[in-house]
1. Mind checking the dipole of region 1-77: about its Cα centre, +1 per Lys or Arg Cβ, -1 per Asp or Glu Cβ, Debye to the nearest 20?
2. Sort 46-59, 121-134 by packing, meaning the average of other beta carbons within 10 Å per residue, with the highest value first.
3. If you build the Cα gyration tensor of region 200-256 and take the root of 5 times each eigenvalue, what three semi-axes come out, in whole angstrom, biggest first?
4. Check residue 13: other-chain or 5+ apart residues with amide H under 5 Å from its amide H, H built from backbone geometry?
5. Take each of the peptides 6-12, 149-155, 35-41, average the number of other beta-carbon atoms within 10 Å over its residues, and list them starting from the highest.
6. Hey, what do the phi angles of region 291-303 turn into as Karplus ³J(HN,Hα) couplings, whole Hz, using 6.51/-1.76/1.60 and θ = phi - 60°, x for Gly and Pro?
7. Under 14 Å from the 7 Å Cα→Cβ point of residue 274, by amide nitrogen: which residues of region 1-29?
8. At 222 nm, what helix-only mean residue ellipticity would the chain give, in deg cm²/dmol to the nearest 500, using -39500 (n - 2.57) for each DSSP H run of four or more?
Amino acid sequence: MLEYAKTYTVESVTAGHPDKICDQISDAILDACLRQDSQSRVAIESFGAHGLLVIGGEVTTDAKVDVKNIAKDVYKDVGYDDAINIITNVVAQSPDIAQGVDTGGAGDQGIMYGYATDETEEFLPKGVVLAHKLVKGLERLRVSGAVPWLGPDGKSQVTMEGGKTKAILIACQHAEDVSLKEIRQTITDKLIQPFIGDVSHTEILVNPTGKFVRGGFAADTGLTGRKIMVDTYGGLIPHGGGCFSGKDPTKVDRSAAYMARFAAKNIVAAGHAKRCLISVSYAIGRAEPLMVEAINEKGEDLASFVKELFDFRPLAIIERLNLRRPIYRQTASYGHFGREGFPWEEIVLQFPKKRFLRGYI
C-alpha cells in the first residue's frame with residue numbers, strides 16, 4: 001500500500017534561509033550559463049558562513065559569467081545588505097565524466113523518485129502545500145511592508161493528524177525592538193489564520209526560543225542541497241539523496257526526478273490512481289535507466305504503462321521537458337513541485353481508461 005502515516009510533520013523555509021540562499025546562488029549561476037550556452041554542463045556548490053561565501057564546482061560551457069557578482073546580486077535580492085567575502089574555485093568538468101555524457105548517457109548513477117496525490121489541487125500532500133504557503137506568506141508580509149519588522153530568514157513546520165492541522169510552528173527573523181507578544185499575535189492574525197481559518201484546535205508556536213534577531217549567514221551556515229526534503233515531498237516518500245540545485249539537466253538527480261514527477265502527476269490527473277509513486281535508477285554514462293518502477297495507492301504495478309508512455313533516457317527527458325532553459329533559480333525556494341509554470345507540472349496526457357485498466361494492472 002502506498003500511504004504515509006496518519007500523523008506526520010513537514011517543514012519549509014523562506015528564500016532568506018541560509019541553505020536556500022546557497023541553492024539560489026548555485027541555480028542563478030546555472031541560469032547565467034544556460035542563458036549564453038544552452039549546452040552548458042554545470043555542477044555548482046555554494047557554502048556560506050559568517051561573512052564568507054565559497055563557490056566551487058565544475059563547468060563545461062562557452063558562457064562567460066561573473067560568478068561573484070551573480071552571488072552578490074542573489075544575496076542582496078533575498079534581503080541582506082551586509083558585506084560578504086566571496087571565494088570561487090570553478091574548474092572544467094572531468095573528461096572521465098564527459099565521455100559518458102557526450103554520448104547521451106546519465107551524468108551520474110543514482111535513484112530518483114516522483115510522486116503525486118489527488119489530495120490537493122497541487123497534487124501534493126496537504127501538509128507540504130500548507131508549509132510552503134506559510135513561508136511564502138511570511139515572505140510577502142516582509143516584502144510588501146505589511147510587517148516591517150520581519151527579516152528575510154524564516155521557517156514553517158506543520159503537523160497533520162488525520163487530514164487536520166494539529167500544530168503549526170513559525171520561526172521568523174525580526175527586528176530587535178519588537179516584543180515576542182507582538183510577534184506571536186501578528187503572525188497568528190496575519191499569517192496563520194488566513195490560511196488555516198479556525199485555529200482553536202491547532203497548537204500554534206511562534207519563535208519558541210523567544211528571540212530570532214540574527215538570521216542568514218550571520219546566524220548559521222548554509223549549503224547547497226541541504227534542504228532536499230523541502231525541495232520535494234517533505235520526507236513522506238523515499239528520496240534518492242541527490243539534490244537539484246546547481247546542476248544542469250544532464251544530471252539525472254535533477255532531470256529524472258522532474259520526469260518522475262511529471263509522469264506521476266499525469267497519471268493521477270487523468271484519474272488512473274489516487275496516489276502514484278515512480279522510481280528510476282541510472283548508471284553513469286548509460287542512457288537507458290537500470291530501473292523504472294511505478295505503483296499506485298493499492299500497491300499495484302504500473303511500470304509497463306509508465307515505460308510505454310514516458311521515455312526516461314536523459315536526452316529524451318531534456319527534450320520533452322525543454323530543460324535547457326534558464327528557469328532554475330525560481331525553483332530554488334518554496335519547493336520544486338506543485339507550482340505553476342514549470343514544464344514537469346504540466347498536465348498533457350489523456351489516457352484511455354479502459355485500455356489502462358485491462359492492459360496494465
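Please treat every number below as a calculation from the coordinates, not as lab data. A quick note: this is a predicted structure, and the numbers were derived from the prediction, not measured. Cβ: placed from backbone, ideal geometry, glycine included. Neighbour counts: every protein chain shown.
1. 160 debye
2. The peptides rank, most packed first, as 121-134, 46-59.
3. Taking √(5λ) for each eigenvalue gives 30, 19, 7 Å, largest first.
4. Answer set, sorted by chain and number: 156, 334.
5. Going from most to least packed, we get 149-155, 6-12, 35-41.
6. 8, 9, 10, 8, 9, 9, 5, 8, x, 7, 7, 10, 4
7. Of the residues in region 1-29, 1-6 have backbone N under 14 Å from the label point off residue 274.
8. Value at 222 nm, helices only: -9000 deg cm²/dmol.
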